[in-house]
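Visitor: Quick one: the structure is below, questions incoming.
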Amino acid sequence: MSATQTSASAADAGANASEAFRAAAARRAAAATSQERTDRLLRRTLEAIYDVIRTEEVSYPEFQAVKRWLMQVGEVGEWPLLLDVFVEHEIEKVAAKTQRGTTGTIEGPYYLPGQYRLPAATTLPMRPDEKGARLVFSGQVRDLDGTALAGAELDVWQADADGYYSGFAPNIPPGNLRGVVVTDADGRFVVTTIKPAPYRIPTDGPTGAMIAAAGWHPWRPAHLHLMVRAEGHRQVTTQLYFDGGDWLDSDVASATKDDLVLALRRQDDGSYAASYDFELEPVAKP
Ligand code: DHB
Ligand code: FE
C-alpha cells in the first residue's frame, strides 16, 4: 500500500477514539451517582445478564469466548466505538424525553473540539482534491418562539467520500471536514461541503468480528454530525441524513430518526443542496 493511500484500521480508529474520549472525560464534571443508585443499576444489569445465561443455557466455551472478546475490545481501544454503536442510542432517547426543540441523536466517537470558527457563509476545510459531490447545506438557528439566533455555533463534523473521519484515519489532514460555523445576524448559515459517504464501522477489530459472527452488517447511513449551541440555550447534538440513501432503515447504530432525514435537491451545476432549521430550547434562568 502506498503512503498516500488511506487505510483506516480498527486499531487506528479505536486508539484515537479512546484518546478523544479520555480528553473529553477530563473536561467533564464527575458523574454524581449515589451509592444507592450504583447498587441498583449494577444489580439490574447483572440480573439481565443472568437471565440470558439461564434462559439460553450459556455454556463454558461460550463464556470463555465472550471473555476473550471483551479483553480484545479493551486491548484495541474499541470500547468507545462499541458503546456508541450499540448503547448510546438508548441513553440519548432517555435524555430526549425531557428536551424540546430540534431532535437529537447520538454523538458517536469522532467529535473533536477546538476546530476553526468559520463565518456564516463558508466552505468546510477540505483537501484541494477532496473527493465527492458538492453539498450546500443551509438553514437557520432559532429559539423555540421563532426568534433568530445570531452568533449561534454549528459545530460540524463528517466523514469524507470514502467514509473516513479526520483525526481517526491516517493521511487525512487535521480538521478536514470539521468546523464551527457561526450564524449571521439573521441566525442563518450556508455551508459548502461534500456529500459524506455511508460509514462502515471498522470490520477488522473485535466489534467487526462480533458483527460478522452474528451475521449483521456494519453500515451507518451517510450523515453530517452537528452540535448546535447558542448562549442561554441547551446545546443540541444531532445528525442529519439524506433521503434515498442506503442503510437509513437498518443503521447499525440505531441512530436515525425520521425528522432528521433531509431532502436533497440536485442543482444545475451538479451539486446538491439541503436545508435544515434548528430550534434551541432556552435554559431556565436560576
Ligand atoms: C461510530 C461512528 C460514527 O460515525 C457514528 O456516527 C457512530 C458510531 C462508530 O464507529 O462507533
Ligand atoms: Fe458518524
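Visitor: Mind checking which pairs have a first residue in the range 43-68 that is surrounded by 10 or more Cβ atoms within 10 Å (Cβ to Cβ) and a second that is aliphatic (A, V, I, L, M) and part of a helix (DSSP H, G or I), Cβ under 7 Å, 6 or more apart or different chains?
Guide: Correct list of pairs: Val58/Val52.
Visitor: Can you tell me which residue in the range 206-253 is most open to solvent (accessible area, probe 1.4 Å), limited to those that are more than 24 Å from Thr98 (Cβ to Cβ), charged (D, E, K, R) and more than 11 Å from ligand 2 (Cβ to nearest atom)?
Guide: Across the range 206-253, the extreme among qualifying residues is Asp249.
Visitor: If you go through the range 199-219 one residue at a time, how many are out of contact with any helix residue (DSSP H, G or I) (no Cβ under 8 Å at 6 or more places or on another chain) and either basic (Lys, Arg) or near ligand 1 (Cβ under 10 Å from one of its atoms) (or both)?
Guide: So the answer is 2.
Visitor: Which condition number in (1) in a loop (DSSP other than H, G, I, E, B); (2) more than 9 Å from ligand 1 (Cβ to nearest atom); (3) within 12 Å of the chain's Cα centre (by Cα); (4) of a type in the set (D, E, K, R) is the one that Glu107 fails?
Guide: (2)
Visitor: I've got another one for you. Just to be sure I understand the filter: pairs with C-beta atoms under 8 Å, separated by 6 or more residues or on different chains, first member in the range 209-230 and farther than 21 Å from Leu124 by Cα, second member within 11 Å of ligand 1 (Cβ to nearest atom) and open to solvent by 50 Å² or more (accessible area, probe 1.4 Å). Which pairs pass?
Guide: Correct list of pairs: Ile211/Thr203; Ala212/Thr203; Pro218/Arg200; Pro218/Thr203; Trp219/Arg200; Arg220/Arg200.
Visitor: Got at least one residue in the range 92-103 being within 15 Å of ligand 1 (Cβ to nearest atom) and surrounded by 19 or more Cβ atoms within 10 Å (Cβ to Cβ)?
Guide: Yes, the range 92-103 has at least one match.
Visitor: I would also like to ask the following. Go through the range 177-205 and count every residue that is outside any loop (DSSP other than H, G, I, E, B), more than 16 Å from ligand 2 (Cβ to nearest atom) and in contact with a Leu (Cβ under 8 Å, 6 or more places away or on another chain).
Guide: Total satisfying the criteria: 6.
Visitor: Scan the range 231-252 for residues that are farther than 23 Å from Gly14 by Cβ, in contact (Cβ under 8 Å) with a residue 24 or more places away in the chain and in a strand (DSSP E or B) and jot them down.
Guide: Scanning the range 231-252 gives His233, Val236, Thr238, Leu240, Phe242.
Visitor: Out of (1) under 20 Å from Asp84 (Cβ atoms); (2) modelled with pLDDT of 95 or more, what's the single condition that is false for Ile201?
Guide: (2)
Visitor: While we're on this one: Looking at (1) β-branched (Val, Ile, Thr); (2) touching a Pro at 6+ places or on another chain (Cβ under 8 Å); (3) part of a loop (DSSP other than H, G, I, E, B), which is the one condition that is false for Thr33?
Guide: Answer for Thr33: the failing condition is (2).
Visitor: So which residues in the range 253-280 are over 21 Å from the mean Cα position of the chain (by Cα) and assigned to a loop (DSSP other than H, G, I, E, B), if there are any at all?
Guide: Within the range 253-280, Gln267, Asp268, Asp269, Gly270, Ser271 meet the criteria.
Visitor: Among the residues of the range 112-121, what is the count of those that are surrounded by 19 or more Cβ atoms within 10 Å (Cβ to Cβ) and out of contact with any Ser or Thr (no Cβ under 6 Å at 6 or more places or on another chain)?
Guide: 2
Visitor: Mind checking whether some residue in the range 73-87 is more than 16 Å from ligand 1 (Cβ to nearest atom), under 29 Å from Ala230 (Cβ atoms), part of a helix (DSSP H, G or I) and at pLDDT 95 or above? Spell out how you get there, then give the answer.
Guide: From the range 73-87, those more than 16 Å from ligand 1 (Cβ to nearest atom) are 75; that's our starting set.
Add one more test, that the residue is under 29 Å from Ala230 (Cβ atoms), and what stays is none.
Within the range 73-87, none of the residues are more than 16 Å from ligand 1 (Cβ to nearest atom), under 29 Å from Ala230 (Cβ atoms), part of a helix (DSSP H, G or I) and at pLDDT 95 or above.
The values are calculated or read from the model by the stated rules, or taken from the named source; none is laboratory data. Note that the structure is a prediction, hence the values are computed from the model and not measured. For neighbour counting, all protein chains shown are included, and Cβ atoms are generated from backbone atoms with ideal geometry for every residue, glycine included. SASA here: full protein model, heavy atoms, side chains in, ligands and nucleic acids out. Shrake-Rupley method; radii C 1.70, N 1.55, O 1.52, S 1.80 Å.
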